1. At 4 °C and a viscosity of 1.567 mPa s, what translational diffusion coefficient does Stokes-Einstein give for chain A, taking Rh as the Kirkwood radius over Cα pairs? Give it in µm²/s as a whole number.
2. If each residue's Cβ is checked for other Cβ atoms within 10 Å, how do B:Arg157, B:Arg28 rank with the fewest at the top?
3. In peptide A:36-44, what is the residue-averaged number of other protein chain Cβ atoms found within 10 Å of each Cβ?
4. Whose amide H sits under 5 Å from the amide H of A:Met182, counting only residues 5 or more places off or on another chain, with H placed in the peptide plane?
5. Under a GNM of chain A (C-alpha, springs under 10 Å), which listed residue has the highest mean-square fluctuation: A:Gln65, A:Gln115, A:Gln135?
6. Once R0 is set to 22 Å, what does the formula 1/(1 + (r/R0)^6) return for the Cβ-Cβ distance between A:Thr129 and A:Asp53, expressed as a FRET efficiency to the nearest 0.05?
7. Over region A:74-195, consider all pairs of different Cα atoms and compute the Kirkwood hydrodynamic radius from their mean reciprocal separation; express it in Å, one decimal.
8. Between the alpha-carbon centers of region A:131-192 and region A:1-77, tell me the distance in whole angstrom.
Amino acid sequence: MTAMCDVAFLLLSFFILATQFKPDEALEVVTPKSVSTRQLEGKDIVLVTMDRDGKVYFSIDDNNQDEKEVVIEEVNKMKNLGLTDAEKQAFINRGSFVGVPFSQLKSYLQMSPEQIKNLNHPGIPVTDTLNNELQVWIRATVEAFKGKKMNLMVKGDNEAKYPSFKGIIDAFKKNEQFKFSMVTDPEGVPEGTELARKIEKLGAKATDEQ
Amino acid sequence: MAEMDTSQQGGHKKKGPGVKKAKKLSTRVDLTPMVDLGFLLITFFVFTTTMSEPTAVRLYLPKDTERPEEQNKVKNSGALTLLLNKNDNIFYYEGELQPDGSNFQSTNWKDVRDVILNKKRTTKPEDFVVIIKPGPESTYRNTVDMLDEMFINDVKRYALVDITPQDLQFVVASEGGGSAPPAGNSGN
């Protein structure tokens with residue numbers, strides 16, 4: 001009994017320590033399920049988030065400070081936003097994500113974290129083909145990640161409508177980014193399907209390739 | 001661990017007559033509930049750690065091209081077009097959409113797998129292609145689910161295409177007339 005108890009609690013402490021609870025996310029997104037078992041890449045992430053209202057947000061991994069700097073410089077130049085150094089720094093610093101059109105970017109970058117929390121983000125405009133602002137963001141990002149592989153990801157909410165997603169795809173396409181991942185939750189493979197048979201033959205690897 | 005040596009016979013001999021034995025309380029603690037709880041928590045953490053790991057679905061987009069000769073041609077007979085609509089409705093047609101809508105049919109998420117497999121069985125593998133057209137009212141989940149469905153059914157060629165006004169007309173028309181499609185009923 002004692003030994004078992006020891007083992008149980010050892011395991012317990014291990015799992016408690018090893019669990020990473022979801023960080024407090026500014027955006028609540030419920031991702032769709034898929035049978036894919038492919039793990040997410042952990043580095044050089046460029047994330048486009050789409051919330052349940054189809055509003056689009058853009059963010060770059062905080063570990064890529066240099067790239068972030070280039071991105072905000074480029075955007076500033078392309079759109080003539082006239083951002084000050086402090087405002088640029090605000091973009092680089094924070095676990096920053098952008099969910100406002102360029103017209104509001106300057107005032108957005110002046111806000112304090114509390115203000116941002118309470119802000120009703122309008123989202124980056126993507127559905128208008130003539131004024132797809134995400135395209136500019138992606139172009140700046142491609143420029144920043146020159147010579148480096150970036151992992152383009154889309155994290156969308158179940159309830160988001162397709163036109164927003166199409167806007168995102170268009171923005172990628174216009175910048176010659178033809179490969180991207182969609183963040184999903186894992187799901188079991190339905191019984192008796194071709195994939196299930198394939199898995200039986202090849203082992204779990206079959207769902208990795210998607 | 002939680003036990004102490006409470007054995008009374010241990011090393012010492014019995015005390016002499018008249019010497020009262022001090023009443024010893026047992027120091028053994030029943031560990032069962034604690035172990036139960038421990039394992040319950042373990043189970044909980046085991047599940048939460050493995051389940052919340054997000055996965056990724058890869059999507060490769062085709063290059064947009066203006067010149068028609070560079071576009072991929074699809075043999076009409078081998079194409080299955082799936083129109084994703086609001087409220088998780090799916091419409092589909094095989095080959096080209098007839099002007100009178102005679103091959104325009106409706107299905108749902110439960111039966112769509114049969115529709116796909118049926119088409120897959122009845123067409124030559126090199127001609128078989130699924131065209132996914134999500135409508136403006138369909139959700140992102142519908143799109144991802146359908147891409148997933150392609151993977152589940154081992155469909156080698158599929159494309160995500162914008163819905164055409166003509167398709168939309170039929171969709172609207174079939175919605176107006178209740179859930180029944182304009183002509184023909186469910187696939188098989």
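1. Rounded to a whole number, D works out at 67 µm²/s.
2. The most exposed by this proxy come first: B:Arg28, B:Arg157.
3. Counting other chains' Cβ atoms within 10 Å and averaging over A:36-44 gives 3.
4. A:Val154, B:Val57, B:Arg58, B:Leu59
5. A:Gln115
6. Efficiency for this residue pair is about 0.65.
7. With all distinct Cα pairs of region A:74-195 included, I get 16.5 Å.
8. That distance is 16 Å.
Here, each number is a calculation from the coordinates, and none is a lab measurement. The model shown is predicted, which means the values in this text are computed figures rather than measured ones. Glycine also receives a Cβ, built like all others from the backbone with ideal geometry; neighbour counts cover every protein chain displayed.
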